[in-house]
1. Could you put V54, V76, V5, V92 in order, starting from the residue whose Cβ has the fewest other Cβ atoms within 10 Å?
2. Could you list the chymotrypsin sites (Phe, Trp or Tyr not before Pro) in segment 132-161 that lie in coil according to DSSP, counting only those with at most 13 other Cβ atoms within 10 Å of their Cβ?
3. Once you place label points 7 Å from the Cα toward the Cβ at F83 and S28, how far apart are they in nm?
4. Only Lys, Arg, Asp and Glu count, each charged at its Cβ (+1, +1, -1, -1), so figure out the dipole size of the chain about its Cα centre, rounded to 20 debye.
5. How compact is segment 1-106 by the rule of thumb for globular proteins, expressed as Cα Rg over 2.2 N^0.38 Å?
6. Scan segment 78-166 for trypsin sites (Lys or Arg not before Pro) in coil per DSSP, keeping those whose Cβ has at most 10 other Cβ atoms within 10 Å, and list them by number.
7. Expected output is a single nm value to one decimal: the length gained when fully extending between D35 and K153, i.e. 0.36 nm times separation in residues minus the C-alpha distance. What is it?
8. Can you give me the relative contact order of the chain as a percent, contacts being Cα pairs under 8 Å and 6 or more apart?
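Rule-based calculations on the coordinates, nothing more; no lab input. Remember, predicted model here, so these are calculated numbers, not experimental data. No Cβ is skipped: glycine too gets one built from the backbone with ideal geometry, and neighbour counts run over all protein chains shown.
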Amino acid sequence: PFQIVKFDRGLWAPLTDHPLSTLKLLGSLIEIGNDLGWKIIIEGIETFEMAEAVFQLGAEFGQGYYFAKPMPIDQVLSWKEQFTYTLTRGIVQTQLGAIAYLIRRLRQNRKSMLSEEQCPITHFFQEKGWEDTEGMAIHHQIHQEAYDPTLYKRLLEWLENTIIHP
């Protein structure tokens, strides 16, 4: 009956106070849609952080002010020529992106686990100067031990706290 699902911007409403639960909900909806072969469009993307999060969660399409504000039809082609898409698979640049990446990895139950040196979270932590943090210690444990979802959950909570209580 349908092949495209567009998720309303209202799903982002609790992002500031509850980034982890917001991204878990979005991740679940995206995963269901992808499993059913639907094209998923996430509406209301207003920042690079939000764009990276939905990208890391597996959404193919997004809509919102981050990409462009509403414009007359005659300006669309010039906008398209100037727009640069800056998200890249295998690179995490924001805390929301890191949370989204880990949510997706947790759901994959460690399938095709990258080495710690290749892991985008390692590089993200290094870029942030977080090598000597509790978060990096948990991340190191994730790569050293047998699959343990509680370690992912601890790291997700740690990252959420870096957003809520910077």
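1. Neighbour counts put them in this order, fewest first: V76, V5, V92, V54.
2. Hits after loop and neighbour filter: Y147.
3. 3.1 nm
4. Dipole of the chain, to the nearest 20 debye: 500 debye.
5. My calculation over the Cα atoms of segment 1-106 gives 1.09.
6. Here the trypsin sites (Lys or Arg not before Pro) that fit, given the DSSP loop and packing criteria, are R89, K111.
7. Result: 40.1 nm gained on full extension.
8. Here the relative contact order equals 22 percent.
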